[in-house]
Each structure stands twice: as C-alpha cells, then as structure tokens.
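Let me begin by presenting the structure, written as structure tokens, before commenting on it.
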Amino acid sequence: MDDGNARNRKGVKDGAIDQQSIQSKEPKSMNLQKQVGLVSGVSLIVGTIIGSGIFISPKSVLLNTGAVGPCLIIWTVCGVISVLGALCFAELGTMITKSGGEYPYLMEAFGPIPAFLFSWASVIVMKPSSFAIICLSFAEYASAPFYPGCTPPTVVIKCLAAAAIMTITTVNALSVKLASYVQNFFTAAKMIIIIVIIVSGIVLLAQGNTQNFQNSFEGSKITAGGIGLALYNGLWAYDGWNQLNYITEELKNPYRNLPLSIIIGIPVIVVCYLLINVSYFTVMTATELLQSPAVAVTFGDRVLHPAAWIVPLFVAFSTIGSANGTCFTAGRLTYVAGREGHMLKFLSYISVKRLTPAPAITFYGIVGMIYIIPADINTLINYFSFAVWIFYGLTIAGLIVMRFTKKDLKRPIKIPIFIPIIMVVVSLYLVLAPIIDKPEWAYLYCVLFIFSGLIIYFPFVHYKVKWAQKITKPLTMYIQMLMEVVPPEEEAAE
C-alpha cells in the first residue's frame with residue numbers, strides 16, 4: 001500500500017499528472033490534432049446550419065412579412081448577411097488561428113473581460129441550451145412514427161433527447177475522426193431530403209403550379225419592426241456560419257481550408273433555402289403554410305404520398321447531424337476558455353489516448369442534459385438568441401478595431417472595410433429591433449445575466465482567490481486520473 005501511495009505521489013504533481021512520464025510512453029504531441037480537411041469542413045458548416053428550422057418552421061418569416069414575395073426577399077437578405085458575416089470571420093480566423101470562435105478574437109481586440117463574458121454566456125446558457133433544443137426536436141420526430149395520430153409522451157421525448165445527447169457527447173469525446181465521419185454521414189443524409197424537396201418543387205413549377213406566386217406582394221405588411229423580426233427568425237435558421245472558427249486549430253491548412261469551406265458551404269445553403277421555400281409555396285398558399293405545424297411534413301403528405309414517411313425520418317437525421325456539429329464546435333469553446341483560465345482548468349485538458357478535449361465535451365453534454373429538464377426552454381432560447389448578435393456585432397467591431405491597433409498581424413485574407421461596417425450596423429439593428437418592436441423584461445434579464453459574469457470574473461479569474469484554488473486542485477487531480485487527461489503541451493511547458 002505504501003509503495004502504491006509513493007507511486008501516486010510521484011505521478012501527480014501540484015494537482016497535475018506528470019506529463020513527461022506519459023510522453024515517454026506516448027510519443028505523440030499532447031495537443032489537438034489537425035484532422036479536419038476541406039470535405040469535413042464544408043460538411044460541418046452545412047450540417048450544423050441545416051437543422052430542423054428550414055423543415056419545421058419557415059412560417060415565422062412569412063408571419064412577419066405577410067406575403068410570399070417579401071418572404072423570399074427576406075430569405076435572400078438573410079443569406080447575404082450570413083455570407084458577409086462568414087467573410088468577416090474568415091479574415092479573423094486566418095489572422096488569429098486559434099479555436100474558440102469569437103472568444104480569441106474578443107480577447108485579442110478588447111481584452112479578457114468581453115471574452116470572458118462571451119464564454120460565460122455561451123458555455124453556461126447559449127450553446128448547451130441550443131444543443132438541448134436540437135436534440136428535443138430530434139426526439140419529437142424520431143418518436144412520432146411510434147405514436148400515430150397523437151403527440152408522443154413528454155417523458156419519452158425527454159428520455160430520447162437525453163440518450164441522443166449522451167451518444168453524441170460520447171462520440172465526440174472518443175475521436176475527432178469518428179465525429180467527422182458521423183457529421184459527413186448525416187450531412188449527406190439531409191442533402192438527400194433537400195434534393196427530394198427541391199426537385200419535387202421544380203417539377204411542380206414546370207407543370208404550371210405557379211398560382212401562389214401571382215400577386216406575391218399582395219397583403220404584405222412592411223414595418224421596421226416586422227422586417228427586423230423576420231430577419232431575426234431567418235438568420236436563426238442560418239445560424240452556424242461561424243462554426244468552423246471554433247475548430248481552427250484542428251483544421252488542416254487553415255489558411256486555405258477555412259475560407260474555402262466558407263465560400264463553398266454558405267452559398268450552397270443560401271441556394272438550398274431559397275429553393276426549398278419556393279417548393280413549399282408550389283403546394284401551399286401563404287395561409288396554409290402558416291397553419292402547418294411542420295411545413296416539410298405537410299409538403300411530404302401532399303407530394304410524396306406513400307413515401308411521405310421519409311420526411312420525418314430525414315428531419316430526424318438532419319437534427320442529429322446538427323446536434324453533432326454543435327457539440328463538436330462548442331466543446332472547443334469550453335476547452336479554449338479553460339486554457340485561458342476563464343473556466344475550470346481541467347476543462348482545457350486533453351485525453352492522453354484519444355487527443356480530444358474530453359473534459360470540455362463531457363461538461364458541455366452534462367449542462368445540455370440539464371436544459372432538457374424544464375418543460376419548455378424555447379422561450380429562453382428566443383430571448384438569449386438576440387445576445388448572439390450582441391457578440392457577433394462586438395466581434396466584427398473588433399475586426400475593424402484591429403485594422404488600426406494590430407496592423408502587424410498577418411492577414412492572408414483581407415476583406416473590404418465596408419463589409420464589417422455593414423455587419424456591425426446589421427447587428428445593432430437585429431439587437432434593437434425586437435426590443436423596440438415588443439419591449440419585454442426578459443431582454444433586460446438576459447443582459448443582466450451576461451454582466452453577472454463579472455461577479456465570477458473578478459474574484460475567481462482576475463484575483464484568483466486562494467480558497468477557490470484549494471477546492472479545485474483535488475477536483476482537477478481526480479478528473480485527470482479518472483479520464484486520463486493532461487494539460488496541453490504549451491501549458492505544461494510553462
């Protein structure tokens with residue numbers, strides 16, 4: 001027993017496993033590996049953005065525009081905004097080649113406090129709650145065939161969603177390559193149903209089903225608030241155009257593959273979204289579309305007839321693929337925040353055997369499981385989604401600031417300055433429009449939560465109170481031994 005204790009004391013130093021002894025047995029580098037190529041990059045962008053939104057509820061855009069013509073224009077504008085935003089992030093990602101999305105860019109442009117507030121809001125609420133919503137959507141569609149004619153029981157949906165979160169978290173913690181293969185498979189699967197819907201719509205148009213496009217601007221209700229909310233809902237369906245920036249350190253040749261993945265992936269999604277909406281309107285009037293609980297299912301019932309069952313099946317594939325992409329990227333944000341000392345330190349540790357940020361991904365999955373418990377968190381997501389555009393705007397403003405304060409940084413891609421300026425203005429509009437159109441206390445609560453992160457930041461991050469370190473040190477040591485993880489090489493060398 002004494003010999004065993006001696007070995008433990010020798011293997012653990014200051015709450016960290018002795019990395020040199022591990023590396024003598026494991027010659028591989030203790031860092032995240034560059035395993036994501038161009039195909040996987042495009043697949044991650046397309047697979048993460050195209051989730052359940054375009055199949056279930058495009059009616060939210062129509063509801064705020066009132067007619068087919070303005071609705072299609074809004075979808076186009078949302079696509080253009082997404083492309084411009086992605087171009088801004090392409091410059092940021094090739095200029096600052098660190099994983100974590102907005103986090104390292106905010107750190108470089110404005111310092112640690114805005115970066116911490118972003119990681120605080122994202123890691124605790126925005127990312128895991130979105131993960132939970134996507135998995136709940138998957139559970140609803142996956143369980144629907146077993147309860148024909150009625151709504152599946154809530155407990156079944158929640159248990160299936162929890163199983164989905166556990167499975168996806170396990171896959172991403174086990175292997176980067178396995179997670180990439182899963183992403184590629186489900187992206188291919190969702191493209192099948194997209195092609196089916198688009199081709200069906202084109203055939204119907206060729207057969208003369210154009211009556212719903214006549215007088216397409218009749219009955220439209222164009223108001224500043226309505227346009228803002230329509231853009232807001234459309235951009236929610238496009239959200240995810242910055243996902244590749246969360247895994248920059250794992251991209252093969254990021255200077256080439258990051259911008260190329262964006263250039264290929266985002267326009268593909270814009271074209272698909274427009275053609276899918278056109279297809280919907282070939283079989284449904286604006287009123288019928290607004291009354292449909294799930295637009296793609298209604299389309300399938302009217303067009304595919306005996307094969308209509310493939311729609312809910314492939315929507316389930318689509319949502320699980322989106323959830324996998326979300327987990328893959330959001331785990332990296334938690335990892336980078338932990339590496340910078342803005343989260344618990346063990347969240348930045350890497351699996352010795354698998355070279356994945358296993359603690360960060362596991363933590364993300366656990367928090368996501370918690371958000372399944374409430375009866376309805378869609379409202380919470382809606383109120384916090386405007387916070388996403390606060391940070392988008394702030395990050396792109398940082399790009400403008402760094403044009404003057406960080407002139408020496410290498411910029412393989414340099415977009416015209418008017419593009420980030422336009423995106424900052426759009427971000428301000430999207431943040432203020434829903435508040436002005438329909439002021440609610442919930443928006444204030446959301447802002448207060450974001451700034452409540454300062455209560456955590458100053459004592460635990462800035463001043464590093466000693467009693468907190470005494471609590472976390474044994475926890476870190478236990479996690480290291482349990483999960484067989486070590487600090488990244490750069491940290492261990494310091």
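The values are calculated or read from the model by the stated rules, or taken from the named source; none is laboratory data. Keep in mind the model is a prediction, meaning the values are calculated, not measured. Neighbour counts run over all protein chains shown; Cβ positions are idealised from the backbone, glycine included. Accessible surface areas use protein heavy atoms only, side chains included; no ligands, DNA or RNA. Shrake-Rupley method; radii C 1.70, N 1.55, O 1.52, S 1.80 Å.
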Somewhere in segment 301-314, is a residue within 30 Å of residue 486 (Cβ to Cβ) and acidic (Asp, Glu)? no
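In this structure, is residue 93 crowded, with 24+ Cβ neighbours inside 10 Å, on the phi > 0 side of the Ramachandran plot and either at pLDDT 85 or above or touching a Lys or Arg at 6+ places or on another chain (Cβ under 6 Å) (or both)? Outline the logic, then answer.
Values: crowded, with 24+ Cβ neighbours inside 10 Å: yes; on the phi > 0 side of the Ramachandran plot: no; either at pLDDT 85 or above or touching a Lys or Arg at 6+ places or on another chain (Cβ under 6 Å) (or both): yes.
Spelling it out, it is not the case that residue 93 is crowded, with 24+ Cβ neighbours inside 10 Å, on the phi > 0 side of the Ramachandran plot and either at pLDDT 85 or above or touching a Lys or Arg at 6+ places or on another chain (Cβ under 6 Å) (or both).
If I go through segment 296-333 residue by residue, how many of them are polar (S, T, N, Q) and over 26 Å from residue 124 (Cα atoms)?
So the first thing to find is which residues in segment 296-333 are polar (S, T, N, Q), and the list is 298, 318-319, 322, 324, 326, 329.
Applying the additional criterion that residues be over 26 Å from residue 124 (Cα atoms) yields 298.
Total meeting the criteria: 1.
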Residues of segment 36-54 being at pLDDT 80 or above and surrounded by fewer than 24 Cβ atoms within 10 Å (Cβ to Cβ), in sequence order, are 37, 38, 39, 42
Does segment 100-119 include one or more residues that are polar (S, T, N, Q), surrounded by fewer than 24 Cβ atoms within 10 Å (Cβ to Cβ) and touching a residue at least 12 places away in the same chain (Cβ under 8 Å)? no
Listed by first then second residue, the pairs whose first member lies in segment 333-347 and is touching a residue at least 12 places away in the same chain (Cβ under 8 Å) and open to solvent by less than 10 Å² (accessible area, probe 1.4 Å), whose partner is in a loop (DSSP other than H, G, I, E, B) and of a type in the set (Lys, Arg), with beta carbons under 7 Å and at least 6 positions apart or on separate chains, are 336/98
Cβ pairs under 7 Å, 6+ apart or interchain, first in segment 144-164 and closer than 15 Å to residue 131 by Cβ, second assigned to a loop (DSSP other than H, G, I, E, B) and open to solvent by less than 80 Å² (accessible area, probe 1.4 Å), ordered by first then second residue, are 158/372; 161/372; 162/372
Those helices (runs of 4 or more DSSP H) completely within segment 103-198 that have 2 or more residues that are hydrophobic (A, V, I, L, M, F, W, C) and out of contact with any helix residue (DSSP H, G or I) (no Cβ under 6 Å at 6 or more places or on another chain) are 154-174
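Test of understanding: among 329, 285, which residue is hydroxyl-bearing (Ser, Thr, Tyr) and under 30 Å from residue 105 (Cβ atoms)?
On the way: 285 fails: under 30 Å from residue 105 (Cβ atoms).
So the residue among 329, 285 that is hydroxyl-bearing (Ser, Thr, Tyr) and under 30 Å from residue 105 (Cβ atoms) is 329.
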Checking 312, 267 in turn, the sole residue that is of a type outside the set (Phe, Trp, Tyr) and under 21 Å from the mean Cα position of the chain (by Cα) turns out to be 267
Selection over segment 120-143 where residues are free of Cβ contacts under 8 Å to residues at least 40 places away in the same chain and among the hydrophobic types (A, V, I, L, M, F, W, C) yields a count of 1
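Restricting to segment 300-316, count the residues that are in a helix (DSSP H, G or I) and surrounded by fewer than 22 Cβ atoms within 10 Å (Cβ to Cβ). Step through it out loud before you land on a result.
As a first pass, look at segment 300-316 and keep what is in a helix (DSSP H, G or I): 300-303, 305-316.
Imposing the further condition that a residue be surrounded by fewer than 22 Cβ atoms within 10 Å (Cβ to Cβ) reduces the set to 301-303, 305-310, 312-313.
Residues meeting the conditions: 11.
If a residue counts only when it is of a type in the set (Phe, Trp, Tyr), which helices (runs of 4 or more DSSP H) contained entirely in segment 421-494 have at least 3 such residues?
Working: elements: 441-456, 466-483, 489-493.
Where helices (runs of 4 or more DSSP H) fall fully within segment 421-494 and carry at least 3 residues being of a type in the set (Phe, Trp, Tyr), they are 441-456.
Among the listed residues 287, 282, identify the single one that is polar (S, T, N, Q), open to solvent by 10 Å² or more (accessible area, probe 1.4 Å) and part of a helix (DSSP H, G or I).
287
Specify the residue that is most open to solvent (accessible area, probe 1.4 Å); the eligible residues are those in segment 417-472 that are of a type in the set (S, T, N, Q) and over 30 Å from residue 77 (Cβ atoms).
If we filter segment 417-472 for residues that are of a type in the set (S, T, N, Q), which is where we start, we get 427, 452, 469, 472.
With over 30 Å from residue 77 (Cβ atoms) added as a condition, the list becomes 452, 469, 472.
Values: 452: 34, 469: 89, 472: 46 Å².
Per the criteria, the residue is 469.
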**Report entry** residue 414 open to solvent by 60 Å² or more (accessible area, probe 1.4 Å), charged (D, E, K, R) and either touching a Pro at 6+ places or on another chain (Cβ under 9 Å) or modelled with pLDDT of 90 or more (or both)
**Finding:** yes
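Listed here are the residues, each with its yes/no results for (1) among the aliphatic types (A, V, I, L, M); (2) within 17 Å of the chain's Cα centre (by Cα).
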site: 69; (1), (2): no, no
site: 75; (1), (2): no, no
site: 82; (1), (2): no, yes
site: 85; (1), (2): no, yes
site: 91; (1), (2): no, no
site: 94; (1), (2): no, no
site: 100; (1), (2): no, yes
site: 109; (1), (2): yes, no
site: 113; (1), (2): yes, no
Note on segment 219-260: residues outside any helix (DSSP H, G or I), surrounded by fewer than 20 Cβ atoms within 10 Å (Cβ to Cβ) and of a type in the set (Gly, Ala, Ser) are 219, 220
With criteria (1) open to solvent by 40 Å² or more (accessible area, probe 1.4 Å); (2) in a loop (DSSP other than H, G, I, E, B); (3) touching a residue at least 24 places away in the same chain (Cβ under 8 Å), residue 216 comes up short on (1)
